[in-house]
Structure formats: C-alpha cells, structure tokens
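The values are calculated or read from the model by the stated rules, or taken from the named source; none is laboratory data. Keep in mind the model is a prediction, meaning the values are calculated, not measured. We place every Cβ from the backbone using ideal geometry, glycine too, and count neighbours over all the protein chains shown.
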C-alpha cells in the first residue's frame with residue numbers, strides 16, 4: 001500500500017507546527033518584559049509584576065480592582081487611570097473615551113495599556129478599599145412585580161465598611177447559553193451599620209444577563225462573588241438642604257443614605273425625598289419610610305405616581321417626578337436662599353430631566369450628585 | 001530552476017511602475033479602496049505592505065525551494081503560502097510592538113489587515129510562476145510593495161481633492177474612486193511601453 005497520499009497532509013501539518021513553534025518562541029522572547037515595578041500615587045503602594053499584560057489585568061492580580069464594566073475589552077471607558085510615566089501615545093482604541101483635558105493630564109484606559117516597563121500611576125484612593133467579597137444569599141424577596149431584593153450574608157471578609165450610596169459589582173454564574181460570568185453594578189440598599197450583610201434591589205431588565213440570572217437562577221443559600229465598595233455617590237457632610245430623588249430601583253442608594261443618617265442621629269438638616277413610580281404596584285418600601293418620616297421632624301417623604309390607574313385609588317401626588325419636584329420647589333419646600341444639594345438615582349433620562357429642574361430652582365450644578373443606571 | 005535573465009534594476013523599475021501590482025494586475029483592491037480616504041493611514045498601510053511583501057515573498061521562496069519542490073508538493077502552494085504569510089505577519093507584529101511604540105502605532109495596527117490582502121499572495125504566486133532566483137524575489141517583493149505604496153498614496157491625495165469637487169450624487173464615494181483608479185491605471189500603462197517583465 002502506498003502511503004504517498006500522507007505526504008501532503010503531513011507536510012502541511014509539519015509546516016504549520018514549525019510556524020506555530022516559531023510564533024510561540026518569538027512570543028516568549030519578545031513579549032517577555034521581565035519584572036516591572038508599578039508605583040501607585042507616588043509611593044503609597046508599590047507592586048512588582050510580570051510585564052506583558054494589560055495594566056488592568058495586572059492590577060487585578062494584585063487585588064486592586066479598577067472598575068471596568070466591559071471586562072477589559074475597551075468598550076466602556078470606565079477603567080481610567082492617570083499614567084505619569086511615558087507609555088507612548090494614546091491609542092486609537094482609547095481616543096473616543098478621553099476628554100480633551102484627560103488627554104493632556106495623562107489619563108488612559110488601563111485595559112489598553114500594556115505594562116512593558118516600570119511605571120508610575122495615579123488612582124483614586126478609594127480603589128484600595130475595593131475588595132473581592134464572597135457571600136451567601138440569605139434571602140430573595142419580591143419587592144414589586146419586577147424588582148427583587150437580594151440579601152447577602154458576607155463570608156469572606158465577614159464585614160465590610162462602605163459609605164451609604166456606594167455600589168458593588170455583582171457577578172453572575174454561567175447559565176443556559178451564557179458561558180461566562182458577567183459583572184454588573186448594583187447599589188447597596190442596606191445601610192453601612194448592617195455590617196455583615198449587603199442588600200440590593202435588582203430590577204428585571206428584559207434580556208439582561210445578570211438580572212435574568214438573579215430572577216431565574218439564583219437561589220437562597222447560593223454562594224456568590226462581589227466586588228465592593230465602589231463609587232463616589234455618597235452624602236456630603238454639609239448643612240445644606242438635601243433634595244433626594246429616586247426612580248424605581250434607584251431607591252437603593254437613597255434608602256441606604258436615609259437609614260444611615262437616621263441611625264447616626266444626623267437629623268438636624270432638612271431632607272426631602274421624592275420617590276417616583278408609574279403605578280401603585282411599582283411602589284415599595286414606602287411604609288417604612290413613612291414611619292421614619294413620622295418620627296424625624298426634618299425628613300419629608302413624597303411618593304408620586306406618573307400614571308395611576310383607577311384601581312389604584314391614589315390620592316397622593318400625581319405627575320412626572322420632575323413636575324412634582326418643581327411644584328414643591330415653588331411651594332412647600334420653602335427654599336428661598338438656603339444652600340441646597342441634590343442627590344439622584346435612576347434612569348439617565350430621569351436624572352437629566354431632574355438636573356434641569358434643580359438648576360432652574362437654584363441648586364448649582366456642582367452640588368448635584370447622581371448615580372445613573374448605565 | 002532557471003531564473004529569467006532579468007537585470008535587477010530593470011526588475012525593480014518594472015515591479016514599481018510598468019507591472020504595478022495594483023494598477024496592472026488589480027490585486028489588493030479592497031484595502032486600496034477602503035483605506036485610501038485618509039492620507040496618513042494610506043501611508044502607514046503602504047509602508048506595512050512594503051515590509052510584509054518583502055519578508056513574506058522571501059520566506060515563501062525558501063519554503064518553496066527547500067520544502068515544496070523537493071517533496072513534490074508544489075500543488076499545495078496556495079495553502080502553504082497563506083499559512084506562512086499569516087505566521088510571518090504575527091511575528092512581525094510582535095517584534096514591531098517590542099522595538100518601537102511609534103512604529104507599532106504607525107504600522108502595527110495595519111498588519112492584521114494585510115494578512116488577507118490578495119496582493120501579498122499574488123506576489124508570492126508570481127514569484128513562483130516566473131521562476132525568480134532568491135535575489136530577484138526579494139527585489140520583486142520589495143518593488144511590488146513600493147508600487148502598492150505609491151499607488152495608494154497617489155489615490156488618497158487625489159481623493160482628498162475629489163472630495164471637494166462637484167461629483168454627481170450617484171457617483172460619490174466608491175463610484176468616483178473606481179473611475180479615478182481607472183484613469184490611474186491608464187496612466188501607468190504608459191510606462192509599459194518602456195519595458196516589460198513577465
């Protein structure tokens with residue numbers, strides 16, 4: 001039997017193998033950048049890492065979690081850090097995410113920068129506190145027809161310190177057609193003094209990877225992974241009148257802030273909390289807030305429905321939250337001349353509309369703090 | 001193997017002008033048309049083509065001469081050439097990234113694009129058909145690259161002017177570009193009376 005027919009496939013295989021070998025040899029020689037030192041915030045922390053990977057990856061290896069919503073693909077523009085050493089010009093993949101000012105002060109996307117040499121970087125100090133957390137789901141409660149409350153007991157570390165208003169990245173596990181874990185941001189709805197638990201409101205987003213997982217797969221007793229605490233949305237310690245607005249599951253960080261102030265006895269400044277929903281069945285946690293309102297003189301809780309149905313028998317505020325807000329600014333809130341601050345959490349559309357109403361009624365734009373659903 | 005008796009200088013001139021890979025053989029059209037909107041990118045892509053063409057044709061010549069011909073596998077040249085080109089481009093990309101960041105940004109990002117450029121495979125196949133020697137192959141590969149670079153640079157500058165011209169609506173974009181390329185090809189055919197290399 002002649003084996004001549006084997007020569008062709010073998011030759012192709014052999015050549016491909018040789019080429020693959022050359023590529024991997026070149027890769028290990030050329031892409032070997034040895035040990036590189038990363039100096040963070042001029043000496044605050046110094047890391048020694050093996051070069052050749054992206055800055056984002058290497059920092060994560062060293063347990064410094066720069067927030068990244070897309071997981072390092074260069075499509076969200078969140079993982080910005082300031083790079084003080086020269087790492088070459090800004091790449092075309094970074095350009096769309098950098099403002100003029102950032103381009104000049106050395107801000108870069110850490111997922112796009114390869115660590116090839118020692119480098120100095122600057123990151124916000126809070127990032128040092130961001131930890132990887134393991135917890136177990138203690139309870140899942142239905143708050144409304146499309147919002148669930150997930151209560152997580154912390155295992156490692158057993159307690160977490162955070163500022164009311166901050167958020168966590170909740171990691172889903174692979175399920176069905178989704179083969180990779182995914183991370184999404186959810187604000188803590190529990191107050192910081194509940195040290196060994198975290199609570200979140202998860203609203204079902206049709207087609208959403210993590211929300212669908214929470215609604216259909218996640219079970220009580222299941223162990224999950226989180227990265228927290230992240231974000232700079234928190235109560236500013238001033239005497240200004242606080243105007244807080246939440247829409248739907250945007251209740252979470254505001255609730256955490258209100259419970260935190262109440263617990264700490266930080267009750268001398270006026271707080272107006274507007275909660276907007278569509279119909280009565282979209283309202284939740286309002287009884288507890290009304291109870292707090294009855295005990296806390298300076299706290300005012302206003303719930304407003306934009307489209308109450310006849311069955312709702314609603315006799316409270318009606319209208320878009322922006323209209324209700326505007327009425328209160330002109331009427332009951334009695335704001336004339338007082339310093340004010342705004343705190344907002346909800347959909348981007350709601351936030352932009354509320355910012356417009358707030359600035360019109362005398363809250364300076366830099367005193368309006370918000371957490372947009374991305 | 002009897003290399004054709006061609007003067008090297010003549011071969012270089014011919015591959016750049018009279019047998020321009022783009023305008024005489026119409027190879028490598030896709031990136032030629034899509035990238036030529038912008039002069040800087042055209043220049044970068046052209047340079048990358050020069051580098052890749054020179055290196056891959058030389059490597060393919062070695063593979064052809066010392067592997068395919070002795071084993072009687074010349075009929076596999078299409079597959080082998082493509083595989084070699086893909087691998088060489090990979091290695092080039094890594095090396096360039098290491099050597100110079102500036103060069104990587106100017107050339108490197110175009111390299112994966114070039115792997116699938118038919119001009120690259122075309123030049124390797126012409127090198128085989130015309131039975132060039134190694135030195136002739138290197139000159140031919142380099143010359144073809146320069147020819148491609150010259151053509152895309154010329155087209156991109158022409159397109160910048162055409163952009164501001166009152167072109168009929170239906171011909172805007174690729175339409176007027178193809179017509180422009182046709183004129184360029186005719187102009188280059190003027191060279192072919194001077195000398196021919198086949």
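Some values worked out for this structure:
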{"read-out": "Filter pass, residue A:2 being assigned to a loop (DSSP other than H, G, I, E, B), more than 9 Å from chain B (Cβ to nearest Cβ) and touching a strand residue (DSSP E or B) at 6+ places or on another chain (Cβ under 9 Å)", "value": "no"}
{"read-out": "Helices (runs of 4 or more DSSP H) enclosed by the range B:93-160 - at least 2 residues per element that are away from chain A (no Cβ under 14 Å)", "value": "B:118-129"}
{"read-out": "Hits in the range A:18-34 - residues which are surrounded by 13 or more Cβ atoms within 10 Å (Cβ to Cβ) and more than 7 Å from every other protein chain (Cβ to nearest Cβ)", "value": "A:18, A:20, A:33"}
{"read-out": "Residue among B:108, B:175, B:147, B:141 that alone is surrounded by fewer than 18 Cβ atoms within 10 Å (Cβ to Cβ) and either free of Cβ contacts under 8 Å to residues at least 60 places away in the same chain or within 17 Å of the chain's Cα centre (by Cα) (or both)", "value": "B:175"}
{"read-out": "Complete set of residues in the range A:5-17 that are under 30 Å from residue B:96 (Cα atoms) and facing another protein chain (nearest Cβ under 9 Å)", "value": "A:11, A:12, A:14, A:15, A:16"}
{"read-out": "Complete set of residues in the range A:348-372 that are assigned to a loop (DSSP other than H, G, I, E, B) and either touching a residue at least 60 places away in the same chain (Cβ under 8 Å) or touching a helix residue (DSSP H, G or I) at 6+ places or on another chain (Cβ under 6 Å) (or both)", "value": "A:361, A:363"}
{"read-out": "Among the residues listed as A:311, A:293, A:263, A:297, the single one being assigned to a helix (DSSP H, G or I), free of Cβ contacts under 8 Å to residues at least 40 places away in the same chain and exposed (fewer than 15 other Cβ atoms within 10 Å of the Cβ)", "value": "A:311"}
{"read-out": "Where residue A:307 falls short, out of the listed (1) farther than 27 Å from residue A:182 by Cβ; (2) touching a helix residue (DSSP H, G or I) at 6+ places or on another chain (Cβ under 9 Å)", "value": "(2)"}
{"read-out": "Test for residue A:285: is it in contact (Cβ under 8 Å) with a residue 24 or more places away in the chain and over 20 Å from residue A:199 (Cα atoms)", "value": "no"}
{"read-out": "Subset of the range B:71-89 (residues that are at the interface with chain A (Cβ under 8 Å from one of its Cβ atoms), modelled with pLDDT of 90 or more and surrounded by 19 or more Cβ atoms within 10 Å (Cβ to Cβ))", "value": "B:80, B:84, B:87"}
{"read-out": "Among residues of the range A:93-108, those that are more than 14 Å from chain B (Cβ to nearest Cβ), part of a loop (DSSP other than H, G, I, E, B) and without any contact (Cβ under 8 Å) to a residue 24 or more places away in the chain, counted", "value": "2"}
{"read-out": "In the range A:53-92, the residues that are within 14 Å of chain B (Cβ to nearest Cβ) and under 18 Å from residue A:184 (Cα atoms)", "value": "A:74"}
{"read-out": "Of the criteria (1) surrounded by fewer than 16 Cβ atoms within 10 Å (Cβ to Cβ); (2) on the phi > 0 side of the Ramachandran plot, which one residue A:196 fails", "value": "(2)"}
{"read-out": "Residue that is surrounded by 19 or more Cβ atoms within 10 Å (Cβ to Cβ) and under 15 Å from residue A:14 (Cα atoms), where the choices are B:45, B:92, B:68, B:53", "value": "B:68"}
{"read-out": "Qualifying residue in the range A:109-123 (condition: in a helix (DSSP H, G or I) and either surrounded by fewer than 17 Cβ atoms within 10 Å (Cβ to Cβ) or within 14 Å of chain B (Cβ to nearest Cβ) (or both))", "value": "no"}
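A quick yes/no check of all residues on (1) outside the structural domain of residue A:300 (by TED's automatic domain parsing); (2) over 25 Å from residue A:249 (Cβ atoms); (3) modelled with pLDDT under 90:
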residue	(1), (2), (3)
A:318	no, no, no
A:322	no, no, no
A:333	no, yes, yes
A:337	no, yes, yes
A:342	no, no, no
A:347	no, no, yes
A:354	no, no, no
A:357	no, no, no
